[in-house]
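Following: one structure in structure tokens, then a few remarks.
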Amino acid sequence: MTMHRLQEACADAGVSLAAHDRSALNWPANDEVTTVAVFIGLIGRAYEGGRGASARERT
């Protein structure tokens, strides 16, 4: 379940995962649910931060 949530967060942020990426995600996915939530939050905030930077570059 947690691996699926991590992959879903990456997909929502437009990140395509290669085999090595999925392998690396196994490490936090096998940890506590709260740890996975931190990673999902980081992915989401990084995505939003990138969108904001992209919008500023267009103006």
Self-check item: Förster radius 30 Å - calculated FRET efficiency between THR35 and VAL15, Cβ distance, rounded to 0.05
Solution: 0.95
Self-check item: Label assignment, Cα extents along the principal axes in Å derived from the structure, set (i) 91, 7, 5; (ii) 44, 21, 16; (iii) 42, 24, 14
Solution: (iii)
Quiz item: DSSP H helices in the chain with Cα extent of 20 Å or more along the helix axis and mean Kyte-Doolittle hydropathy at least -0.5?
Solution: 33-58
Exercise. Residues in the range 8-38, backbone N under 15 Å from the label point at ARG45 (7 Å along the Cα-to-beta-carbon vector): list them, ranges by number please.
Key: 35-38
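A short reminder: the numbers here are calculations on the coordinates, not readings from a lab. The model shown is predicted, which means the values in this text are computed figures rather than measured ones. Neighbour counts are summed over all protein chains in view; Cβ atoms, including those assigned to glycine, are modelled from backbone coordinates with ideal geometry.
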